[in-house]
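Everything below concerns the one structure shown next.
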Amino acid sequence: MNILLTGGAGFIGSNFINYFTAKHEKINVVNLDLLTYAGNLENLKDSESRKNYTFVKGSILDRKLIEELFEKFKFDHVINFAAESHVDRSILSSEPFYMTNVIGTTTLLDVAKKFGVERFLQVSTDEVYGSLGATGKFSETTPISPNSPYSASKAAADMAVMAFYHTHGFPAVITRCSNNYGPYQFPEKLIPLMIINALNGKKLPVYGDGMNVRDWIYVLDHAKAIELVLFKGKLGEIYNVGADSEKPNIEIVKLILSNLDKTEDLIEYVKDRPGHDRRYAIDSSKIEKELGWKPEISFDEGMKATINWYLENKTWWERILNKEYLTYYEEQYGKSLEG
């Protein structure tokens with residue numbers, strides 16, 4: 001079996017590859033990633049020596065390259081992780097989000113349809129549903145109502161995937177997951193940003209009143225859900241993935257400070273970002289009942305593991321902060337990411 005996996009140098013994609021290639025030695029994974037700022041090949045050191053892993057630098061907007069890869073590797077499945085994903089960046093400049101997340105996805109769909117793949121798994125997000133009030137949870141039948149350029153671009157991509165399914169009988173399936181945390185998460189995101197700032201004695205910026213609520217899941221649990229949907233998910237279906245761990249942002253920040261023996265005077269409340277969704281919560285009963293998936297790692301266990309990982313891997317995040325990680329591709333493949 002051969003799998004085209006896009007965006008595998010990012011946080012979730014790299015965790016999935018490290019887990020999947022170690023477990024499935026006879027399944028070949030080709031990782032296509034453009035290596036934009038959040039793509040870091042150092043995340044994949046565990047997989048580089050494995051015979052069932054191949055890296056290709058390139059964009060999901062490059063139809064010619066994708067067709068060449070299909071002709072060479074005869075892919076059975078596609079897993080699309082590739083996405084611009086940081087809400088703050090989408091507010092500053094939305095065009096890259098629509099280009100990658102919408103046009104890139106439709107390019108993949110076109111080529112995958114042409115070559116007759118057996119399954120196309122679109123990795124999406126709970127943010128396409130919009131914002132919840134004080135009660136309730138997102139189910140797969142909740143109408144999509146995105147509120148940021150990022151979530152709007154992901155919602156458009158999801159609609160393109162389902163349009164291919166309904167129009168062409170295309171073998172597609174979608175997962176929508178809650179907020180991930182764990183090793184290798186880029187330092188602009190909430191949990192790694194707060195850990196690193198606390199370790200460096202810097203202020204921890206908290207949007208608004210800090211009471212925006214997210215449903216948190218450890219990244220390895222998400223990886224196992226994707227694996228299960230890839231092999232057993234019903235075509236044409238959407239599967240929500242969450243760990244039933246709702247936490248307001250300020251609680252996360254205070255937990256990190258407590259674990260690092262830092263004082264709360266490092267917290268700095270800042271102006272809220274535009275269109276900031278108040279609450280997300282995932283109903284995962286469908287994937288639990290139909291496929292037998294359940295999260296295995298509790299929030300407390302996962303947070304301790306995550307904080308310890310950042311403590312033990314200072315060199316990894318320091319290389320990101322000073323941009324030294326950008327030289328890794330050149331060192332491995334003889335080409336520079338810059339210029």
When you go through (1) hydrophobic (A, V, I, L, M, F, W, C); (2) crowded, with 19+ Cβ neighbours inside 10 Å; (3) in contact with a helix residue (DSSP H, G or I) (Cβ under 7 Å, 6 or more places away or on another chain) one by one for V117, which number turns out not to apply?
(3)
Please enumerate the residues belonging to the stretch 261-275 that are at pLDDT 95 or above and farther than 17 Å from P205 by Cα.
D261
Hey, can you tell me all the residues within the stretch 250-261 that are under 17 Å from T306 (Cα atoms) and of a type outside the set (S, T, N, Q)?
E251, I252, V253, K254, L255, I256, L257, L260, D261
Considering only residues that are part of a loop (DSSP other than H, G, I, E, B) and over 23 Å from G116 (Cα atoms), look in the stretch 1-23 and name the one that is nearest to the chain's Cα centre (by Cα).
G10
Look at the stretch 24-74 and say how many of its residues are under 22 Å from the mean Cα position of the chain (by Cα) and not in a loop (DSSP other than H, G, I, E, B).
20
Could you check the stretch 128-169 and list, in sequence order, the residues that are closer than 25 Å to M99 by Cβ, touching a strand residue (DSSP E or B) at 6+ places or on another chain (Cβ under 7 Å) and aromatic (F, W, Y)?
Y129, F164, Y165
The residue that is modelled with the highest pLDDT, considering only those in the stretch 75-92 that are among the acidic types (D, E) and within 16 Å of the chain's Cα centre (by Cα), is E84
Among the candidates V241, V253, single out the residue that is closer than 25 Å to D221 by Cα, of a type outside the set (F, W, Y) and in contact with a Lys or Arg (Cβ under 8 Å, 6 or more places away or on another chain).
V241
Quick check on my filter: what residues within the stretch 126-183 are aliphatic (A, V, I, L, M), part of a loop (DSSP other than H, G, I, E, B) and either crowded, with 20+ Cβ neighbours inside 10 Å or in contact (Cβ under 8 Å) with a residue 60 or more places away in the chain (or both)?
L132, A134
Those residues of the stretch 218-252 which are of a type in the set (A, V, I, L, M, F, W, C) and touching a Gly at 6+ places or on another chain (Cβ under 6 Å) amount to V219, I250
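Residue-by-condition table, conditions (1) more than 22 Å from the chain's Cα centre (by Cα); (2) part of a helix (DSSP H, G or I); (3) of a type outside the set (G, A, S); (4) modelled with pLDDT under 95:
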{"position": "Q185", "(1), (2), (3), (4)": "no, no, yes, no"}
{"position": "E188", "(1), (2), (3), (4)": "no, no, yes, yes"}
{"position": "I191", "(1), (2), (3), (4)": "no, yes, yes, no"}
{"position": "M194", "(1), (2), (3), (4)": "no, yes, yes, no"}
{"position": "A198", "(1), (2), (3), (4)": "yes, yes, no, no"}
{"position": "D221", "(1), (2), (3), (4)": "no, yes, yes, no"}
{"position": "K224", "(1), (2), (3), (4)": "no, yes, yes, no"}
{"position": "V229", "(1), (2), (3), (4)": "no, yes, yes, no"}
Would you be able to tell me the number of residues in the stretch 67-99 that are free of Cβ contacts under 8 Å to residues at least 60 places away in the same chain and buried (at least 24 other Cβ atoms within 10 Å of the Cβ)?
1
Pairs with Cβ under 9 Å, 6+ apart, first in the stretch 193-213 and touching a residue at least 24 places away in the same chain (Cβ under 8 Å) and more than 15 Å from E264 (Cα to Cα), second aliphatic (A, V, I, L, M) and part of a strand (DSSP E or B)
Y207/V270; G208/V270
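The values are calculated or read from the model by the stated rules, or taken from the named source; none is laboratory data. Keep in mind that what you see is a predicted model, and the values were worked out from it rather than measured. Every residue, glycine among them, receives a Cβ derived from its backbone with ideal geometry; neighbour counts consider all protein chains shown.
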